[in-house]
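The values are calculated or read from the model by the stated rules, or taken from the named source; none is laboratory data. None of these values were measured; they are calculated from a predicted model. Every residue, glycine among them, receives a Cβ derived from its backbone with ideal geometry; neighbour counts consider all protein chains shown. Surface areas here come from the heavy atoms of the whole protein model, side chains and all, with no ligands, DNA or RNA. Shrake-Rupley method; radii C 1.70, N 1.55, O 1.52, S 1.80 Å.
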Amino acid sequence: MSETEELRLGVNIDHVATVRNARGGVHPDPVRAAVLAEQAGADGITAHLREDRRHIRDADIADIKAALTIPLNFEMAANEEMVAIALATHPHAACIVPERREEVTTEGGLAVAGRENELIWHLAAIKEAGIRLSLFIEPNPEEIRAAATVGADIIELHVGRYCEDEAGRPTELLRIQQAAALAEDLGIECHAGHGLDYDTVAAIAAIPQMRELNIGHFLMGESMFVGMPAALAEMRRLMIQARSAI
Ligand code: PXP
């Protein structure tokens, strides 16, 4: 298996829709962005249909799914409306995220510990439909064990604190490394996302148990300056470089 196969690059195209919605028209088109990302070598596409539809809309999800040959990772809140959309769309994976209307972005991981039964009840249909269940959680052991109880196939570790708090990085990196090792012990695939850029990606990519990084805001911003193929190629180069040093 090559380094590239070992660590996949998932591209989140939500913010193409953010720019589109700023004017209320049809440009720029997030479906075109998803197809371009696939052509530029992305291993998967992530899109988050928020309750308030502030960026991705229902039709985008259906159109992206129809246009892609690579996996769609559908980010969603754990509620009845989103479960119904996931079942109708049948993405490769459903990534469950916390959602509050007033937040600018997904500010922390999903609270799983203490809510296992509620989440099992909400998410059973997703698992039964054969959609991989991913939970976006903080890198802490309690949440990872709770994710195992819920039957998660994947945990996506929220690495926002690592990316944002330069002074706290060594401590946070250790937490993420330990979380990834625990996930492997429990038989859960480990992904990471939130806030990754060219400066922060290497240490996360170098965690041996890491299988996928989902990156959006930085890559879409960088694409404005250098184009999507160049932005994705540079991210991929940094990921391969980090893995080859393991
Ligand atoms: N993964 C998940 C679960 C997310 O919610 C997001 C967006 O917050 C991302 C990855 C991508 O994060 P960013 O846009 O900061 O790269």
Those residues of segment 82-101 which are within 16 Å of LEU119 (Cβ to Cβ) and not hydrophobic (A, V, I, L, M, F, W, C), in sequence order: PRO98, GLU99
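Just to check your reading of the model, which residue among MET228, MET235, MET224 is of a type outside the set (Gly, Ala, Ser) and in contact with a Leu (Cβ under 6 Å, 6 or more places away or on another chain)?
MET228
If I go through segment 80-103 residue by residue, how many of them are open to solvent by 50 Å² or more (accessible area, probe 1.4 Å), part of a loop (DSSP other than H, G, I, E, B) and in contact with a helix residue (DSSP H, G or I) (Cβ under 8 Å, 6 or more places away or on another chain)? So that I can check it myself, show each step before the final result.
First, the residues of segment 80-103 that are open to solvent by 50 Å² or more (accessible area, probe 1.4 Å): 80-81, 84, 87-88, 90, 92, 100-102.
Still in the list and also part of a loop (DSSP other than H, G, I, E, B): 90, 92, 100-102.
Next, from what is left, pick out any that are in contact with a helix residue (DSSP H, G or I) (Cβ under 8 Å, 6 or more places away or on another chain): 90.
Selection size over segment 80-103: 1.
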Looking at this structure, is MET224 part of a helix (DSSP H, G or I), within 13 Å of the ligand (Cβ to nearest atom) and not acidic (Asp, Glu)? no
Among (1) away from the ligand (no atom under 16 Å from the Cβ); (2) within 23 Å of GLU107 (Cα to Cα) - the single one ALA230 does not satisfy: (2)
Looking only at segment 50-79, how many residues end up being surrounded by fewer than 18 Cβ atoms within 10 Å (Cβ to Cβ) and within 13 Å of the ligand (Cβ to nearest atom)? 1
Where a residue in segment 194-212 is within 23 Å of ARG132 (Cβ to Cβ) and among the β-branched types (Val, Ile, Thr) and its partner, wherever it lies, is open to solvent by 30 Å² or more (accessible area, probe 1.4 Å) and more than 13 Å from the ligand (Cβ to nearest atom), with Cβ under 6 Å and at least six apart: ILE207/GLN177
If we ask which residues in segment 12-40 are in a loop (DSSP other than H, G, I, E, B) and either more than 17 Å from ARG54 (Cβ to Cβ) or open to solvent by 20 Å² or more (accessible area, probe 1.4 Å) (or both), their number turns out to be 7
In segment 165-210, the residues that are open to solvent by 30 Å² or more (accessible area, probe 1.4 Å), away from the ligand (no atom under 15 Å from the Cβ) and part of a loop (DSSP other than H, G, I, E, B): GLU166, ALA167, LEU186, GLY187, ALA206, PRO208, GLN209
Kindly provide the set of residues from segment 211-246 that are in contact with a Cys (Cβ under 7 Å, 6 or more places away or on another chain) and open to solvent by less than 20 Å² (accessible area, probe 1.4 Å), ordered by number. none
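Quick one: which of ALA146, ALA152 is in contact (Cβ under 8 Å) with a residue 24 or more places away in the chain, part of a helix (DSSP H, G or I) and open to solvent by less than 30 Å² (accessible area, probe 1.4 Å)?
Values: ALA152 fails: part of a helix (DSSP H, G or I).
When all the criteria are applied, what remains is ALA146.
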